[in-house]
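Here the structure comes first, spelled out in structure tokens, and everything after it is commentary.
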Amino acid sequence: EERTSLLEEKNQLIQERNIDIQQKAEQLEQSTKYKSEFLANMSHELRTPLNSILLLSKLMADNEDLDKEYTEYAAVIQSSGQGLLSLIDEILDLSKIEAGKMDLEIHDVNVAEVLTDMKSLFKPIAQDKKLALDFSLTDNLPDLIATDKMRLEQILKNLLSNAFKFTTEGTVSLLIDINSQQKTISFKVKDTGIGIPPSKMSLVFEAFQQADGSTRRKFGGTGLGLSISRELAKLLGGDIKLESEENVGSEFTLTIPLNYHDKEAFLAEQKKV
Ligand code: ADP
């Protein structure tokens, strides 16, 4: 009899603890939701006044009647404002992803067009930094893939800006290849820059993390780009892999399904490996 009552007591305790854990999980979920909503609202409220700052500082920076000293001030206001706007956009993206509210727009996307877009965007930067640009695609590429073009380009822009940012000499390349067996397409962004030490490789995909504390001051940036990129890659049904060697260079490979609607198949295949 004593044993049964002990058992009952134990069961009672377990049950109470389970209820407690469940309540804590619900509270956590609720506060994550509040946080995301708060961030989304704040981003919106910050953006409106910032847009006036950007517009008016641009008008002043371009005004030839103003003293050069003042147009230079206006240009600084303009570029600082741009930096702030990118940060707000990144925070908004991250909170949308966290809240599960990042909606994709899946269409037929012309891969050659994506490559051309990236070329025209990064050619001036390459010329400016005197870096070679090697952008190419394999011959057996299908004309169209089904994915979200804006998000795909957002990831590539992020990987390419990083490649340019952390490279002072050599080549930045974007190679597009397909794996017809796995029905995936990969975008390999490779640089000959400072590289990332092995201990920091998984860290750089975490929000607000940078490989080197001092890089923050040296290179600027928020440490949000890669975490957003990886989350977006996952939303598109794929992932980003990193290979890197210090003082040799880095290689980020984004792999997504040729057809977004094959996402489930791709994920199942990934699990098997
Ligand atoms: P940010 O560039 O704004 O700091 P990211 O999330 O894009 O944020 O990158 C996080 C960190 O990863 C960078 O601060 C840098 O330390 C490292 N990193 C990213 N890309 C490269 C690269 N191509 N070469 C070397 N380090 C890189």
Listed residue (82, 156, 25) projecting farthest to the positive dipole end of region 23-161, Cβ model
25
Remind me, relative contact order of region 97-225 in percent, using alpha carbon pairs under 8 angstrom and six or more residues apart?
21 percent
Would you list which lysines come within 19 Å of residue 234, measuring only between C-alpha atoms, while excluding same-chain residues fewer than 8 positions from it?
96, 101, 149, 157, 183, 188, 263, 271, 272
The chain: Kirkwood hydrodynamic radius (Cα pairs, Å) comes out at 21.8 Å
Of 74-86, 181-193, ordering from highest average Cβ density within 10 Å down gives 181-193, 74-86
Listed residues 94, 258, 175; largest mean-square fluctuation, Gaussian network over the chain with Cα springs below 10 Å, found at 175
Which one, 235, 60, 222, projects farthest toward the positive side of the charge dipole computed for the chain from Cβ point charges (K/R +1, D/E -1)?
222
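Every number in this text was worked out from the coordinates using simple rules, so none of it is lab data. Small disclaimer: the values here were computed from a predicted structure and weren't measured. Counting neighbours? That spans all protein chains shown, and the Cβs are built from the backbone with ideal geometry, glycine included.
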